[in-house]
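Participant: Before I ask anything, here is the structure I am working with.
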Amino acid sequence: MVYQGEHLFVGEFGHFCVLLAFVASIVATVGYYKATRALSPEDHRLWKRLARTAFLIETIAVIAIFISLYSIIYNHYFEYKYAHQHSKRSLPTKYLLSCLWEGQEGSFMLWIFWHCILGLGIMLKGKKWEAPVMTLISLAQIFLVTFILGLYFGDLKIGSSPFVLMRNEFPNAPVFQDPMYLQKYLRDGNGLNVLLQNYWMVIHPPILFLGFASTIVPFAFAFAGLWKKDYKGWTKAALPWTLFSAALLGMGILLGAAWAYESLTFGGYWAWDPVENASFVPWLLTVAGLHIMLINQSTGFSSKSVYWFPFLSFLLLLYSTFLTRTGVLGDTSVHSFTGEGSSLFWHLIIMMAFFTALFLWRYFKNRKQIPVIQKEEDISSREFWMFVGSLVLLISAGYISFYTSLPVINKIFGTHKAIGEDPEYVYNRVMVLIAVVIGLLTAVTQYLKYKKTPRSFWIKKIITPTVIALVISGSIILWGKIDYYTYGIGFLGAIHLAIFSAIYAVAANTMYIWTGVKGKFSQAGGSITHLGFGLMLVGILISSSKKEVISINRTGIVIPGLKDPKGRDDSGLQNVTLIQGVPTPLGKYTATYVADSSHPADEKMYFKVNYERRDESTGKILETFNLYPNAFLMKAEEGRTSLSANPDSRHYWNKDIFTFITSMPDPESIKDTATFRHHPVQQGDTVFYSNGYITVDQLIEANRATHQDLPLVDSAWLAEVTVHSNDGMTYKAQPALFSKENMPIAKRDTVMSQSLVLEVNKTNNTLVLGVKESNAIMKYITLKAFQFPYINILWIGVLIMSAGFFISMWSRFKRDR
């Protein structure tokens, strides 16, 4: 059968490039391995040249894969499964890049691409370490490329190709028996997940995956150090790359937090979701490993543990991939893949087992040759407390990993353990204590010297930032109004301790920049990083503990069935229903649902909500602004709908007002079956309806004979009425009737909040007021609103911490050069 309209070349070219990349990665691995093992310089040079050529070919092939897939998505070639699943014609061009990495195959491609870029960096900067380090990176590339191979060996499928055709994936589907299936049935795709239609999702995944990919570099250097028996030199070469990895992985995670804050509706930026945890744990271990490397390079201590942290960071990165892509998390995470990732289960198990076995074999083969200092670290030394801090980070990583892995543990042992109804508290109760310890260590450790520190020297240096931190944190206790009693006074006390330690870290590191390194920012990368980390902690602790729900429902209107992000009933006091055009109290503000809009090319409905704040005594308007949250009703099984919403925020220097839609009527389900009741009326009459009464204030009649300037029509009848509701509210309305060339034209008026439609008719020279009560005409939304105090401290801390990492990295590269 000859199918019409298919574009086969681009897919065939893309698949050829995948195979080319796979073969080239094998050649590069063999070449670098032989170069590492070569005894003569000439053999080393020849094998390295071969390996470099193969790696460059692989890089070109990977870029070609990206171009091919983007071309398929951009041109809407829906004969390809990947384009059909992840894009559609109405999707704005700016989100087409997000389609690339929404699916399994695309995100693996991103990982492979960044490995290529990092490999080029190693080729430029690696010097003597290039061959052994690139052996491991190229080896990892072999595994990663197999994830997008899409080859079958009998019933065994290796990987999933992004270039598979729909008709090959579903050969028995009736639509593919028609050679014109593209023109008749596959004219559009399913589209991008509405929550991913956000500019952060164009930025966040590439940076996060660069962080993911970079974790292999410190591990590769550690493995190379064991392989080449250079137990000291590898840490110096690995440090800049470890700083780079910590910076990029941290930035990627926090950009994800920014996306969650702007796009999700749990009212925050971190929810201890398993996928968030799975990326957070490798970062904790990378930071811990970074400090262990500094200890080893400066003092020679931690000479064995320095190998374990890079390995664990890389291993747990693979494990996080296993958790999020194989479906083992099920519905415990809003981020994880389910179903489609099940074929990766053994694929990832083999990859983890291979690299674990490879490291353990090399480590235990060499461990007796690793030089160890027999003397214990002095308790007053910098390295002692840096090691303690690294152990604390390791413990926190283990704690998070255990609870994140409960679904896996249950499947292995047949248990039914659960984290409980409040998973956030399970993590926070421990992590707040971790924050106390890390904050204190971040504050004091830089004032210590390696080897040993005189007590008088240390106390003299640390006394000023200690006093500053005590004064500021004491002021917050007295006047900061942090009264987070949700989990008792013990947890509140831990919050105040953590705030003190975070402020202590900020004060101490700020002073160290000026006293320790004399204001030389190029040498202050560590202090700048610690300063940013302290500010992050301050922002997290204050914004979270003082987060306030301002959408307290005092209207009496309750929309049943609302759920919070944890699946608990949320129909009560924390959701306010706004009827269009009716000002409604919302904390210190008055909120009005002004209007809504949509576009045929966009499935979301955009709402305009006006906030107004007045002086309580004078009534003068102090502030007014509009927010534009949006929402989308997704069709579920059995005709049910579920709401997907994107929030909007008003940003101030000291707070955010965060608003999102929790309920909206489904336009397709609203049917108007009510009818008008007609009442002959005269001026001054009263007409009753179910929730009050209507007074006819004035009846006006006009025609061309008496009003020659009557525009457009021949005659007009106007009723000015006042609607009085039982709750004491009054509303004005002006229904009218016009006549032109003996044809009646009705101008109805509505009172949304009372579900009233009013019209005027004329029967036997008598004016008749028509009254219809219909829920179909009432437009409303239900929303939830929070106030986040001082959240900008968190984002400022993120920027400063990232800058500190990059300053340190650049300083290390310059020092090596």
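The values are calculated or read from the model by the stated rules, or taken from the named source; none is laboratory data. The shown structure was predicted, so the numbers you read here are calculated from the model rather than taken from an experiment. We place every Cβ from the backbone using ideal geometry, glycine too, and count neighbours over all the protein chains shown. When the accessible area is computed, the model is the full protein with side chains, heavy atoms only, and any ligands, DNA or RNA have been set aside. Shrake-Rupley method; radii C 1.70, N 1.55, O 1.52, S 1.80 Å.
Participant: Looking at segment 646-653, is at least one residue at pLDDT below 90 and under 27 Å from Ser774 (Cβ atoms)?
Facilitator: For segment 646-653, residues at pLDDT below 90 and under 27 Å from Ser774 (Cβ atoms): absent.
Participant: I would also like to ask the following. In segment 693-705, what residues are modelled with pLDDT of 90 or more and either touching a Phe, Trp or Tyr at 6+ places or on another chain (Cβ under 7 Å) or surrounded by 18 or more Cβ atoms within 10 Å (Cβ to Cβ) (or both)?
Facilitator: Start the filter on segment 693-705 by keeping residues that are modelled with pLDDT of 90 or more, which leaves 693-699.
Result: Ile694, Val696, Leu699.
Participant: If you don't mind, another one. Modelled with pLDDT of 85 or more, of a type in the set (D, E, K, R) and on the phi < 0 side of the Ramachandran plot: which single residue out of Lys620, Lys671 fits that description? Spell out how you get there, then give the answer.
Facilitator: Numbers: Lys671 fails: modelled with pLDDT of 85 or more.
Answer to the check: Lys620.
Participant: Please give the helices (runs of 4 or more DSSP H) falling wholly within segment 31-131 in which 3 or more residues are within 23 Å of Gly159 (Cα to Cα), at pLDDT 95 or above and open to solvent by 30 Å² or more (accessible area, probe 1.4 Å). Even if it seems obvious, please write down each step before you answer.
Facilitator: Numbers: elements: 41-74, 81-86, 96-100, 104-125.
It comes to 41-74, 104-125.
Participant: Okay, moving on. Output the residues belonging to segment 143-172 that are aliphatic (A, V, I, L, M), open to solvent by less than 30 Å² (accessible area, probe 1.4 Å) and out of contact with any Asp or Glu (no Cβ under 7 Å at 6 or more places or on another chain).
Facilitator: Start the filter on segment 143-172 by keeping residues that are aliphatic (A, V, I, L, M), which leaves 144-145, 148-149, 151, 156, 158, 164-166.
With open to solvent by less than 30 Å² (accessible area, probe 1.4 Å) added as a condition, the list becomes 144-145, 148-149, 165-166.
Correct list: Leu144, Val145, Leu149.
Participant: Of all residues in segment 164-215, how many are in contact (Cβ under 8 Å) with a residue 12 or more places away in the chain and not in a helix (DSSP H, G or I)?
Facilitator: 16
Participant: Let me ask another. Do we find that Val444 is open to solvent by less than 30 Å² (accessible area, probe 1.4 Å), more than 28 Å from the chain's Cα centre (by Cα) and not polar (S, T, N, Q) in this structure?
Facilitator: Working: open to solvent by less than 30 Å² (accessible area, probe 1.4 Å): yes; more than 28 Å from the chain's Cα centre (by Cα): yes; not polar (S, T, N, Q): yes.
Yes; evaluated as a whole, the condition is true for this residue.
Participant: Taking only segment 223-280 into account, find how many residues are open to solvent by 10 Å² or more (accessible area, probe 1.4 Å) and of a type in the set (Val, Ile, Thr).
Facilitator: Matching residues across segment 223-280 total 3.
Participant: If you scan segment 173-207, which residues turn out to be surrounded by fewer than 17 Cβ atoms within 10 Å (Cβ to Cβ) and more than 28 Å from Ala258 (Cβ to Cβ)?
Facilitator: Those that are surrounded by fewer than 17 Cβ atoms within 10 Å (Cβ to Cβ) and more than 28 Å from Ala258 (Cβ to Cβ): Ala173, Pro174, Val175, Gln177, Asp178, Pro179, Met180, Gln183, Lys184, Tyr185, Arg187, Asp188.
Participant: Right, next: Quick one: which of Ile112, Ile122, Ile148, Ile142 is touching a helix residue (DSSP H, G or I) at 6+ places or on another chain (Cβ under 6 Å), among the β-branched types (Val, Ile, Thr) and more than 16 Å from Ala28 (Cβ to Cβ)? Outline the logic, then answer.
Facilitator: Working: Ile112 fails: more than 16 Å from Ala28 (Cβ to Cβ); Ile122 fails: more than 16 Å from Ala28 (Cβ to Cβ); Ile142 fails: more than 16 Å from Ala28 (Cβ to Cβ).
Testing whether each residue is touching a helix residue (DSSP H, G or I) at 6+ places or on another chain (Cβ under 6 Å), among the β-branched types (Val, Ile, Thr) and more than 16 Å from Ala28 (Cβ to Cβ) leaves just Ile148.
Participant: Just to check your reading of the model, which residue among Lys518, Lys451 is surrounded by 13 or more Cβ atoms within 10 Å (Cβ to Cβ), among the charged types (D, E, K, R), over 22 Å from Asn792 (Cα atoms) and not assigned by TED's automatic domain parsing to the domain that holds Asn654?
Facilitator: On the way: Lys518 fails: surrounded by 13 or more Cβ atoms within 10 Å (Cβ to Cβ).
None of the others qualify; the one that does is Lys451.
Participant: I'd like to check something: does segment 132-142 contain any residue that is assigned by TED's automatic domain parsing to the domain that holds Arg37, free of Cβ contacts under 8 Å to residues at least 60 places away in the same chain and either crowded, with 24+ Cβ neighbours inside 10 Å or part of a helix (DSSP H, G or I) (or both)? If you could, list the steps in order and put the result at the bottom.
Facilitator: So in segment 132-142, the residues assigned by TED's automatic domain parsing to the domain that holds Arg37 come out as 132-142.
Imposing the further condition that a residue be free of Cβ contacts under 8 Å to residues at least 60 places away in the same chain reduces the set to none.
Scanning segment 132-142 turns up no residue that is assigned by TED's automatic domain parsing to the domain that holds Arg37, free of Cβ contacts under 8 Å to residues at least 60 places away in the same chain and either crowded, with 24+ Cβ neighbours inside 10 Å or part of a helix (DSSP H, G or I) (or both).
Participant: Return the residues of segment 371-399 that are within 27 Å of the chain's Cα centre (by Cα) and among the aliphatic types (A, V, I, L, M); say none if nothing qualifies.
Facilitator: Across segment 371-399, the qualifying residues are Val392, Leu393, Leu394, Ile395, Ala397.
Participant: Still on this structure, please answer the following. For the subset of segment 357-381 comprising residues that are in contact with a helix residue (DSSP H, G or I) (Cβ under 6 Å, 6 or more places away or on another chain) and not aromatic (Phe, Trp, Tyr), which member is surrounded by the most Cβ atoms within 10 Å (Cβ to Cβ)?
Facilitator: My answer is Glu377.
Participant: Could you list all residues from segment 8-30 that are free of Cβ contacts under 8 Å to residues at least 40 places away in the same chain and either β-branched (Val, Ile, Thr) or buried (at least 17 other Cβ atoms within 10 Å of the Cβ) (or both)?
Facilitator: Val23, Ala24, Val27, Val30 - these are the residues of segment 8-30 that are free of Cβ contacts under 8 Å to residues at least 40 places away in the same chain and either β-branched (Val, Ile, Thr) or buried (at least 17 other Cβ atoms within 10 Å of the Cβ) (or both).
Participant: What residue, among those in segment 709-755 that are part of a strand (DSSP E or B) and of a type in the set (Gly, Ala, Ser), is surrounded by the most Cβ atoms within 10 Å (Cβ to Cβ)? It would help to see each step written out before you state the result.
Facilitator: First pass over segment 709-755, keeping only residues part of a strand (DSSP E or B): 715-725, 730-733, 736-740, 743-747, 749-751.
Remaining after also requiring of a type in the set (Gly, Ala, Ser): 715-716, 719, 725, 733, 736, 739, 746.
Numbers: Ser715: 19, Ala716: 22, Ala719: 24, Ser725: 16, Ala733: 18, Ala736: 19, Ser739: 15, Ala746: 12.
Only one residue tops the list, namely Ala719.
Participant: Considering only residues that are under 13 Å from Trp272 (Cα atoms) and free of Cβ contacts under 8 Å to residues at least 60 places away in the same chain, which ones fall in segment 404-419? Break it down into steps so the answer makes sense when it comes.
Facilitator: Just the residues of segment 404-419 that are under 13 Å from Trp272 (Cα atoms), to begin with: 404-405, 419.
Matches in segment 404-419: Ile419 only.
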